[in-house]
Structure formats: C-alpha cells, structure tokens
Amino acid sequence: MGRGATLARLLEHPAIWRGRSAAPGQVLSSGFVELDEQLPGKGWPRTGLIEILAARFGSGELSLLLPALAALTCAATARWCVWVAPPLTPFAPALAAGGVALDRVAVVRGARPLWAFEQALGSGACDAVLAWLHQAKSREIRRLQLAAERGRTLGVLFRPRAAARQASPAVLRLGLEALPAGVRIAVLKARGVTRGTIELEWPDGRPLRRG
Amino acid sequence: MAVIRPRPSGPSRRTPVASLPAPLTVSIPAGATDSAGSPAAHRLWMAVQLPEAQELKELQRLALCAQRFTPRVSLELPDAVLLEVRGSLHLFAGVEGMRRALGAECRRLKLQPVLAFAPTPLAALAFARAGKPRAILDVAQLVGQLAPLPLATLRWPEAVLERLERVGVRAIGAALRLPRGGFARRFGAAQLASLDALTGRMPDLRTAVKAPERFRRCCELGCELTSRSAIVAALAPLCAALGRFLTARQSGIMQLECRLTHRHAPPTRCVLRLAAPTADGERLAELLAGRLEALSLPEPVRACELRSGRLLPFAPERRSLWQPGEQGGSAGSEAPGLIERLRAHLGPEAVEGLALLPAHRPECAWAVTGPPPVRANRRAAPESDNAGAARAAPRPLWLLPVPEPLSMRDGLPRHRGALRLLTDPERIESGWWDGRDVARDYYVAVDEDGVRLWVFRERAAPHQWFLHGVFG
C-alpha cells in the first residue's frame, strides 16, 4: 500500500474534519464565474460579514456586488438592501440598469454609521447591508459579524486598503485593485479556501479607442 | 287654540282621526340617543339654529364645544346642532342658565344662533327656525305652541308645501288636524312620520356625535430628575397605560408627543413619528428612550406627559411560521421597526429611498424620496425597463452632486494624472425648459490607477472638462 493510499484511508476517518471540505452555508452567485470559483462555496455567503478593501474609491467594488444585489432585491420575498453612510448618493439610474429593484433600497446617513450598520444587520429586515466605515476596531467587526448572523443578513463593509494589516473576524476579506479594463481581486481571508489572486475583466469594459 | 296631547298609548278625543296606527315597535340602531320605551316627556332637546348654512367642519366644531353640556349632541345638516339636555339641565341652573352658557360658547366661536327648547328634536328645530327662542318643557303644551308655526319650518319639499298651501294649510296646527290616512296618501308617508316625530308620537332617533379620542396622561414626578434613564423609567408606566388604552380600542397611533415640564423653562417637547400604526406600549417606550437620549434638557424635569396623535384602526399582523429571509419566509415585518429605530436615533431625514425620474439629463434622472413603502411581499420580480438602454450607454454607480472641473493638458482632461478616454462620446444636451440647459459630450475615462470615471466636455466655447461620476 502506497503512502498516498494510507493517507487517504486515514483521512476517511469520521473524526477527522478538513477545513477545505467544511460545509458552507447558503451562497449567492456573484455573477462572475472566475470569482465564484475562488470563493468558498462558489459564491458570496448569504449570511455574515465580508470586507472589501479597495485601494481607491471606485476601484470596482460596487460593480462586483451589483449582480448579487440585483438577484437579492428582485427575489419575490426580497428584504431590504440598506446602504449605510455611502461616500456619495448611489446613482439610481445605474442601479436600475444593473437590475436592482429600487423599491428595496434605502440609504441611511447620520452621525453614527457603525451603530446604524449593526442595527440594520441585526434587525432581520435586510437581505444585504453595505456600509462605508473609515475606522472599525476588530472588536466592533466581531459584533457586526454576530449581528449579521443574528439577522441572517449579508453585510458588506468597505474599508481602505490599509485596513488589511488589521486582523478581522469577517468571514471573507477581499482586496481590490483597479486594472485598466477590470479589477484584480486578492482573497485575503476566506474559510476553507487558500489565498489567491484573480483578475476579472468587466463585461462592458470594451475599449473602443485608445485616447 | 286646541291643545292636543298625543300619546303612543291612545290619542285623546280631540286628536284628529287616527286611521293609521302609530308604530309600536322600533328598532334602535347603535348610537341612537332616543328609545322607543321612553316617551318624549323624559327628554328635552335644545336646537342651536344658525342663521346660515355652515360647513360640516364648523358644525362639528360647534358640536364638540357643545359636548360640554351633554354627551348627546347630534348634527342637523346644514345649519343646526341638537342637544339632549334633560339630564344636565339642573347643572346649569335650568333653561336660562343653559341658554346663557351656550350663548357665551357660541359668541366665542363668533356664531349667533337661535336657541329653542322642546321635548322633541323636530319641535325644538321648528321653534328655532321660526326665530322663536321658546322653551317648552311640558309635552302637554307642545302641540298648542307648535300650531301657529308656519309649515315651512319643517323643511318639507317645496312641492309638498305648495300642495298643502293650495288646500289652505299653512300652519303646523292645520296640518295636524288633517286625517292621517288621507294625509299620508296625498302628501307622503315621510311627511306623516315627520309630524309624528314632531309631536312625540314616534321616537326620533338621532346619532350622537362622537369626539375623536386621544390618549393624554401626565405623571408628576416625586423629585426633579435629570438622568435620562430615570425619566425613561418614569415614562414606562405611561407607555404601558397607552398600550392598554390602544389595545382596548383596537387602534394604533402613528404619532406620540412627550412633554417634559421644567420649573422655569418652557416644556421640552419630543415628537415621535412612526412608519406604521402601532399599539405596542413597550416598543413605544423603547423608541421614546432613543429619542430622549439625543434630547438636551434645559433644566431638571418635574413632570412628564404623553399625548397621542389621532387613533387609527390597527390590525395586529399575522405571525408567519417561517423566519423572514428563510426559504418560504416573507419579506418580514421588521422593516418598519428598523426605520423607526434609525429615525429615532439619527433624525427623521436619516433614511432615504431612491427613485427614477424620466429625464435624459443625468442630474434630473433620479430623486431622493422618503423611505420606500413597506410591503410584505410582492407578486413578481419587476423587470428593469431601461436595462437595454443602459447597455447602450453606460452610467456610473456614483454621481457627483456637482460636476468637478478638471485640469487639461493638450486638450485632454487630467485627474491625478492623464485620463484615457475609453468610449466614443455620448451627447446629452438641451434642457431649456427649466433654465438648466446643458450641451455635453460624455466619455468613459480611466485614470492612471485604473479607476473608471465618467467625464464630459462642455460643447460651449471654453470646452471645459468636468468629472461627473465614478463607475465604482
């Protein structure tokens, strides 16, 4: 019996659990095949907090989420999609063009974005909550993660790229960097998936003319 | 003058022919203020007859003021209010006292009514309409006093009054002397019933005006309080009482005002507005606590008071077996709660919705609205109408509130370095009808970091470049 076969038999033992095969919860396709391949369970998690760390505002972080938001808000039993403290007001015609049902979108502004984010995550009234926070401590992110599980909500936290150095209890962390016709995505943390980098091209990024 | 004593049990000898029997059983609708069992002798009606027709709102205002005198106030459209005052007459020192008190009330409302008292509502109205401020307290005198009044005071249809005049009947007394059977046949059963109600032969049922209910309760504190948590604790029993009040009436409220009274400073007001009617005292207390936290108090609080808004019909929602968000679950009922909590803490404008407007200029193609209406479920997924149009012309996910001027080098725009234009121009122009005329060529551009931007070039002379959006 070869060494590989021995190892395989050993691993069949029911007491041994392997991280990679950990049964993922419900997932939601991101709409990008290459990204789905890279994500645990082949899609965005339906529940939990994910962090997107973009090198610069506008690196493509929202376009990446748009197909998933469209799928969530157009479902027959869609709950809300709440945007907490976005840097600008999202442009409604572009959201509608991306397939997002605007009657499920609410924008929350105010002095306490962290509190509003946690309330929206834990309320159970939302399918997805997007939040833009400049500073969040690890302990606060842990609270957000628990609130997202309580409310069965997908929380997306957008932070500056510098936050990658800080440890985070989020289920998934992606680093984003814009490319001329797409985006480079680095999986910084994911349950049961090795870290890696993929490059996506925007489906509509057709360079017609070099200026 | 003949004095006639009409009684349901049997008319007196001098009563005109009673060929039609008086009605014996009358069904009494809910809210009626008279009953078949109690003869007119036990009632005293006051008619408040105004000189001209009033709007319903004015009459209702008068009726609400008149509820000071008796709970049995009814409207007589379009220009009179009726009060049943037998029970409360002694509280106002009799008819004259009542007349004085109500007269004062009417002067306050800038009305000059004629006040008449009679045992039946129609008789009181007839006296008041004839301009005679009489007070007939005894049923026995009623018919005698009514007899000389013109029939016009009963406000019968013109045609009927004309026919009666042709046979020489102009006064109420003359009409009462006509034979009942012939009267009903020739002038209508409704007019006979009106005569019966006038003389008290038949009960006249009136629906009482009901004042809208509100909750208002004050709580004097044992000592002056400054701590928010102590004030919240003092408000808790008030909120619980409000919850019981609402539950008992199967109503909910959408507005609640809390007033905190101080020693010198004017009371601090804190108004809570809700997204959907609620009757849950605990939730109201929780929301109020959130609002109080953000409130600045000028002085310690001596008393607190809760005042509810209008009561609204409220049906408690059904609870579903499935949790919201689960397979088979509905969109959930937590959404109003979330909005209210966010609004209570962050201010009423903190939650916004988005809407599309049919306009070609990007600044005008959308609007910020109130939070979207809360619907439990929808039937089908809505189809995005302009998905096709969007594929033809890309739109950025973020639009700057005001276009940002860009610097130029060699006729090309710069934004943290040179921009590269990716697409052919998309021309958007005109808007003369609201004074914000535009003439722009839009491009998708990419900067040195690879961030895609939406830029435009003015078609007018300086050909300035602007940044208008970020694709995100």
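What list of ³J(HN,Hα) values in whole Hz, one per residue of the range B:267-280 in order, does the Karplus curve 6.51 cos²θ - 1.76 cosθ + 1.60 (θ = phi - 60°) give from phi, with Gly and Pro shown as x?
Per residue, the Karplus-derived 3J(HN,Hα) values read x, 7, 10, 9, 9, 10, 10, 10, 7, 8, x, 9, 10, 8 Hz.
Using alpha carbons only, how many angstrom separate the centre of the range B:410-472 from the centre of the range B:80-134?
About 78 Å separates the Cα centre of the range B:410-472 from the one of the range B:80-134.
Would you please give the residues with an amide H less than 5 Å from that of residue B:76, counting only those at least 5 places away or on a separate chain, with H modeled from the backbone geometry?
Those qualifying (amide H under 5 Å, at least 5 residues apart or on another chain) are B:81, B:82.
For the ranges A:115-125, A:78-88, what's the packing order if you count other beta-carbon atoms within 10 Å of each residue, average per peptide, and put the highest first?
Peptide ranking by packing, descending: A:115-125, A:78-88.
Whole-Hz Karplus ³J(HN,Hα) for the range B:112-117, in order, using 6.51 cos²θ - 1.76 cosθ + 1.60 and θ = phi - 60°, x for Gly and Pro?
Each residue's phi maps through the Karplus curve to give 10, x, 9, 10, 9, 10 Hz.
Quick one: putting +1 on the C-beta of Lys and Arg, -1 on the C-beta of Asp and Glu, what dipole do you get for the range B:216-313 around its Cα centre, in Debye to the nearest 20?
The calculation lands at about 340 debye.
Which residue, chosen from B:92, B:300, B:56, occupies the Cα position most advanced towards the positive end of the dipole of the protein assembly as shown, where the dipole is computed from +1 (Lys, Arg) and -1 (Asp, Glu) charges on Cβ about the Cα centre?
Value computed over the given set: B:92.
Using just the C-alpha positions of the range B:395-470 as equal point scatterers, what log10 of I(q)/I(0) does the Debye formula give at each q in 0.21, 0.23 1/Å?
Results for the range B:395-470 at q = 0.21, 0.23 Å⁻¹ read -0.93, -1.10.
Any chance you could get the radius of gyration and Dmax over the Cα atoms of chain A, in Å?
When restricted to the Cα atoms of chain A, Rg and Dmax are 18.5, 66 Å.
Between the range B:145-189 and the range A:48-66, how far is it from one alpha carbon centroid to the other, in angstrom?
The two parts, judged by their Cα centres, are 87 Å apart.
Mind checking the log10 I(q)/I(0) for the range B:216-313 at q = 0.11, 0.17 Å⁻¹? Debye, one equal scatterer per Cα, no solvent, two decimals.
For the range B:216-313, the Cα-only Debye profile gives -0.29, -0.68.
Enumerate the amide H contacts of residue B:252 below 5 Å, restricted to partners 5 or more residues apart or on another chain; note that Pro and chain-start residues carry no placed amide H.
B:312, B:314
To the nearest 20 Debye, how big is the dipole of the range B:406-472 about its Cα centre, given +1 on the beta carbon of each Lys and Arg and -1 on that of each Asp and Glu?
Computed about the Cα centre, the dipole is about 140 debye.
Mind giving me the FRET efficiency for residue B:162 and residue B:247? R0 is 56 Å, r the Cβ-Cβ distance, nearest 0.05 is fine.
Once the sixth-power term is evaluated, E becomes 0.45.
Along the charge dipole of the protein assembly as shown, Cβ charges K/R +1 and D/E -1, which of B:241, B:336, A:44 sits furthest on the positive end?
B:241
Could you tell me what percent of the DSSP beta bridges with both partners in the protein assembly as shown are antiparallel, to the nearest 5?
Beta bridges within the protein assembly as shown, antiparallel portion: roughly 75 percent.
Quickly estimate the mean residue ellipticity at 222 nm for the protein assembly as shown, helices only: each DSSP H run with n ≥ 4 gives -39500 (n - 2.57), and the total goes over all residues, rounded to 500.
-8500 deg cm²/dmol, from helical runs alone.
P(r) of the range A:11-92 in 5 Å steps, Cα pairs, percent per bin?
Spelled out bin by bin, the range A:11-92 gives 3, 11, 18, 23, 17, 12, 7, 4, 4, 1, 1 percent.
Taking amide hydrogens as modeled 1.01 Å from N in the peptide plane, which residues meet the under 5 Å criterion relative to residue A:49, leaving out close sequence neighbours?
A:155, A:171
Count, for each residue of B:265-272, the Cβ atoms from other chains sitting within 10 Å of its Cβ, then give me the mean as a whole number.
Shielding by partners across B:265-272 averages 0.
Report the normalised scattering of the protein assembly as shown as log10 I(q)/I(0) at q = 0.10 Å⁻¹, calculated by the Debye formula with identical scatterers on the alpha carbons.
Values, matching the q order: -0.98.
Can you compute 3J(HN,Hα) from phi for each residue in the range B:187-201, using the Karplus curve 6.51 cos²θ - 1.76 cosθ + 1.60 with θ = phi - 60°, rounded to whole Hz and x for Gly and Pro?
For the range B:187-201, the Karplus curve yields 10, x, 5, 4, 6, 5, 4, 5, 5, 4, 5, 5, 8, x, 5 Hz.
Per-residue mean of other chain beta-carbon atoms within 10 angstrom of the beta-carbon, peptide A:111-120?
Mean partner shielding for this stretch: 3.
Could the peptides B:416-428, B:282-294 be put in order, highest first, of the mean number of other beta-carbon atoms found within 10 Å of their residues?
B:282-294, B:416-428
Looking only at other chains, what is the average number of their beta-carbon atoms within 10 angstrom of each beta-carbon in B:344-351?
4
To the nearest 20 Debye, how big is the dipole of the protein assembly as shown about its Cα centre, given +1 on the beta carbon of each Lys and Arg and -1 on that of each Asp and Glu?
1960
Read-outs throughout are calculated quantities, based only on the coordinates presented, and are distinct from any laboratory measurement. Values in this document were obtained by computation on a predicted structure and should not be read as measured data. Glycine gets a Cβ as well: all are built from the backbone with ideal geometry, and neighbour counts include every protein chain shown.
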